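Inspection log for the structure reproduced underneath, given as structure tokens.
Every number here is computed from the coordinates shown, using simple stated rules; none is lab data. This one's a predicted model, so the numbers in the text were calculated from it and none came from an experiment. Cβ placement follows ideal geometry from the backbone for every residue including glycine, while neighbour counts extend to all protein chains displayed.
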Amino acid sequence: MKSFGSKPWMLPQPVLIIGTYNKEGKPNAMNAAWGGTWDMHEIMISMGSHATTDNLKLNNGEFTVAFATADTMEASDFVGIVSARKDPNKMEKTGWTAEKAPNVNAPVFTNFPMTMECRIKQKFDESETGYYLVAEVVNVLCDEKYLDGNGNPDVEKMNLITYDSVNHNYIQLGKTLGKAFACGKEI
């Protein structure tokens, strides 16, 4: 095996779109690739210093998290490379539609199949360069066209993408291969 040293190559890596409102109440979004599940009702995200972190202070730590798809890939990448601090009109360039989240003071971008409404519970290592946050998942919203026959989100229908941190690519997730907590019983 080839050794690469210490690298943060957690694969697959979700492509998270963080939604907040700025001080004028205008929707903003950023791409955050370093995040994941923290606990049964919590997520964690590594946040740099961004317009989004400024907005989180203004909005009592309330935000949304959407999952990027093959259809939203270019605009999702755009909101990760263009800061609202430098381009206050960046959201208009995405073509995304925003509506107010029902349970938190943050936008839901309706172009995404699934969105979590979140509220910061805790920050770690806060400095001028950013922080790590743990957030409570207040609610999960899913467009009904992405539900399965049981009324649950169908990840396979969503065409979600993952960030390949090794080669700096986006990869579309594939098909269902087996049932968790069941397929291993065959051994």
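Computed from the C-alpha gyration tensor, the three semi-axes of the ellipsoid equivalent to region 33-128 are 21, 17, 14 Å, from longest to shortest. When ILE81, ILE17 are sorted by how many other C-beta atoms sit within 10 angstrom of their C-beta, beginning with the fewest, the order is ILE81, ILE17. Three principal axis extents describe the C-alpha atoms of region 38-80; from largest down they are 30, 28, 16 Å.
In terms of distances greater than 29 angstrom between alpha carbons, the cross-link table entries LYS57/LYS93; LYS100/LYS123; LYS7/LYS157; LYS26/LYS121 yield LYS7/LYS157. Segment HIS168..ALA70, full-extension length gain: 33.7 nm, with 0.36 nm per residue of separation and the alpha-carbon distance subtracted.
Exposure proxy shown here: for ASP125, ASP164, the number of other Cβ atoms within 10 Å sets the order, fewest to most, as ASP125, ASP164. Each part gets one Cα centre, and for region 100-140 versus region 144-184 those centres are 21 Å apart.
When a footprinting reagent is the concern and you count Cβ atoms within 10 Å, what order do TYR132, TYR163, TYR21, TYR146 take, fewest first?
TYR132, TYR146, TYR21, TYR163
Shape annotation for region 13-186: C-alpha extents along the principal axes are 53, 37, 33 Å, from largest to smallest. Along its first, second and third principal axes, ordered by size, region 86-156 spans 47, 30, 24 Å in Cα coordinates.
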